[in-house]
Amino acid sequence: MKHIKALLIKLVIVTGALWLSLGLIYGVDFGEIFTMSLVITGIAYIVGDLLVLPPLGNGIATLSDFGLSFFTLWLLIESYGLIVPEISASLIGAGFVAIGEIFFHRYMKKNILEDERSERRILNRHEFQTEFAEEFDDDFLDDK
């Protein structure tokens with residue numbers, strides 16, 4: 001359930017970022033923006049938020065989301081046949097998405113990934129302890 005909530009938050013962030021960049025600047029239709037948002041959200045959540053963010057951190061995950069958003073937007077703008085400059089529209093859109101991702105990654109680390117780490121710690125906790133002691137020689141005991 002927590003991943004669904006995170007996906008919906010990410011979808012709102014990506015849709016808002018693309019609406020600000022592509023909708024207001026270039027006049028792209030909201031239906032196309034929403035479709036692009038769905039594609040970017042699905043791919044970026046799996047790659048950037050679940051695979052890259054936990055081991056590499058917010059900075060690298062934001063850069064990977066920027067690159068992924070740029071190439072995905074470029075391909076989608078080209079495939080839709082939109083009359084916009086593909087590279088500059090993709091750069092601006094990916095930039096807006098990356099700014100939103102900075103804040104989303106903080107949410108992910110605090111609410112989603114930390115919960116999963118604590119669950120794994122509980123499952124992987126070993127209840128064993130090692131006890132260290134000195135060995136006694138028979139000669140040592142006989143001397144006393």
The condition from (1) farther than 21 Å from Lys10 by Cβ; (2) modelled with pLDDT under 90 that Ser88 misses is numbered (2)
Check your understanding: Within region 30-40, is even one residue of a type in the set (Phe, Trp, Tyr), modelled with pLDDT of 95 or more and within 15 Å of the chain's Cα centre (by Cα)?
Key -> no
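Residue by residue through region 118-131, note down the ones that are open to solvent by 80 Å² or more (accessible area, probe 1.4 Å) and modelled with pLDDT under 60.
At the first step, the residues of region 118-131 found to be open to solvent by 80 Å² or more (accessible area, probe 1.4 Å) are 119-131.
Scanning region 118-131 gives Glu119, Arg120, Arg121, Ile122, Leu123, Asn124, Arg125, His126, Glu127, Phe128, Gln129.
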Screening Leu68, Leu51 for residues that are under 28 Å from Lys5 (Cα atoms) and at pLDDT 95 or above leaves only Leu68
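The values are calculated or read from the model by the stated rules, or taken from the named source; none is laboratory data. Since the structure is predicted, the reported quantities are computational estimates derived from the model, not experimental observations. Reconstructed Cβ throughout: ideal geometry from the backbone, glycine too, with neighbour counts over all protein chains shown. All accessible areas refer to the heavy atoms of the entire protein, side chains included, with ligands and DNA or RNA removed. Shrake-Rupley method; radii C 1.70, N 1.55, O 1.52, S 1.80 Å.
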